[in-house]
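Only one structure is covered here, and it is reproduced in the block below.
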Amino acid sequence: MSTWLITLALLTAANAAPTDSEIVALTGEAFGKDLPAKAVCIYRDVMLPEEFEGDPIPVGLMHGNEGCRIFGVILKGYFVPVERAALASVNDDAWSAANGRKRGDLLLAWTTNVLVAFDQFDIRDPRPVHTPGSNGRTRVETSIWQRTHEKHVAKHTRAIFTFANDAALESVDRDQGDSWKSTFTVRESRVEGVSVAAVMSALKTRGRSLAKCMDQAWKENLTISGRTRFQWTIRAGKATQIALVAEDDDGSGIASCYHRALQSIDFPPELGGQVVWSFNIVRNQVLDK
């Protein structure tokens, strides 16, 4: 073991949780090369039953538009591959004493708190469940939304995780499901003193920050949708007297982002008038061709 790893282990033993930079270094060592901090995802808000030890910290790797995917778990200052992490974390005596139902409950908790830490639960679907399998195996199912390689396309999946009798993760099936694409559009509701085409041109050529609002909101909530309407006056090349007219309130805070974006847009100085405009996020299922 390297001096650095020994030092980290001693710090953790003294109840000093590893820092983000230490976790990035451990993850890079497991991956086989140094990784930039932005390529490593760290999830610290884990809440597990007391039978799990070692203060598990899920770590993931960024995969472009797919976002974070679980790669391993930091336990007691060490990196543990995701397949062995539950086995390494659960208390041996507690596991040996647990019956099949109790083991299922523990593995369900591990799945929902660790294995899908970087995904989004579908709160409308059935709750996570566990069922017994052959040779002491346990099957855990949970409904999630996950990002895909296509921008603004999310997949709804009933993910299935199968564990061996000793709590080792044997298989994962999270590739089946329906995909949904979110699209950002802008549309006029009313204009006075200025043409629709002139405002639309300004929004498209100078308003990239509006689309960025949708992009950030979608990353935080893969099922975001709805309409937000603003009224403003164009004067001296700026949007003034900006007022929120209507919003499908989803708690995303996207209206505040739109407001800031409108303030930053430079309209052609010759434009002048009052407009009411809608900023919409529409979700449609991606049908197989």
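Within region 89-109, residues that are farther than 22 Å from residue 58 by Cβ have Cβ atoms under 8 Å from residues that are not in a helix (DSSP H, G or I) in these pairs: 98/51; 100/132; 100/138, counting only partners at least 6 apart in sequence or on another chain. Test residue 281 against the criterion of being within 30 Å of residue 118 (Cα to Cα), modelled with pLDDT of 90 or more and assigned to a loop (DSSP other than H, G, I, E, B), and give yes or no. Taking the combined requirement at face value, the residue does not satisfy it.
So that you can scan it fast, the table gives a plain yes or no per residue for (1) outside the structural domain of residue 27 (by TED's automatic domain parsing); (2) touching a Cys at 6+ places or on another chain (Cβ under 8 Å); (3) crowded, with 16+ Cβ neighbours inside 10 Å:
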{"position": "61", "(1), (2), (3)": "no, yes, yes"}
{"position": "87", "(1), (2), (3)": "no, no, yes"}
{"position": "96", "(1), (2), (3)": "no, no, no"}
{"position": "107", "(1), (2), (3)": "no, no, yes"}
{"position": "112", "(1), (2), (3)": "no, no, yes"}
{"position": "121", "(1), (2), (3)": "no, no, no"}
{"position": "135", "(1), (2), (3)": "no, no, no"}
{"position": "145", "(1), (2), (3)": "no, no, yes"}
{"position": "170", "(1), (2), (3)": "no, no, no"}
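Could you tell me whether region 20-40 includes any residue that is crowded, with 16+ Cβ neighbours inside 10 Å, in contact with a strand residue (DSSP E or B) (Cβ under 9 Å, 6 or more places away or on another chain) and either outside the structural domain of residue 117 (by TED's automatic domain parsing) or part of a strand (DSSP E or B) (or both)? Within region 20-40 (the criterion being crowded, with 16+ Cβ neighbours inside 10 Å, in contact with a strand residue (DSSP E or B) (Cβ under 9 Å, 6 or more places away or on another chain) and either outside the structural domain of residue 117 (by TED's automatic domain parsing) or part of a strand (DSSP E or B) (or both)), the answer is yes, since at least one residue qualifies. Contact annotation: residue pairs with Cβ atoms under 7 Å, 6 or more positions apart or on different chains, pairing a residue in region 186-212 that is under 14 Å from residue 262 (Cβ atoms) with a partner that is aromatic (Phe, Trp, Tyr) and in a helix (DSSP H, G or I), are 210/258. Inside region 114-131, residues that are more than 25 Å from residue 62 (Cα to Cα) and part of a loop (DSSP other than H, G, I, E, B) make up a count of 5. All conditions in (1) in a loop (DSSP other than H, G, I, E, B); (2) farther than 25 Å from residue 151 by Cα; (3) small (Gly, Ala, Ser) hold for residue 252, with the sole exception of (2). Condition test on residue 83, is it at pLDDT 95 or above, within 20 Å of residue 166 (Cβ to Cβ) and assigned to a loop (DSSP other than H, G, I, E, B)? No: the conditions fail for residue 83. Taken together, the residues in region 147-168 that are crowded, with 18+ Cβ neighbours inside 10 Å, among the small types (Gly, Ala, Ser) and not in a strand (DSSP E or B) amount to 1.
For region 111-144, the set of residues classified as within 22 Å of residue 80 (Cβ to Cβ) and of a type in the set (A, V, I, L, M) consists of 114, 115, 116, 117, 140, listed by residue number.
The values are calculated or read from the model by the stated rules, or taken from the named source; none is laboratory data. Just so you know, these numbers come straight off a predicted model, no measurement behind them. All Cβ positions, even for glycine, are placed from backbone atoms using ideal geometry, and neighbour counts span all protein chains on display.
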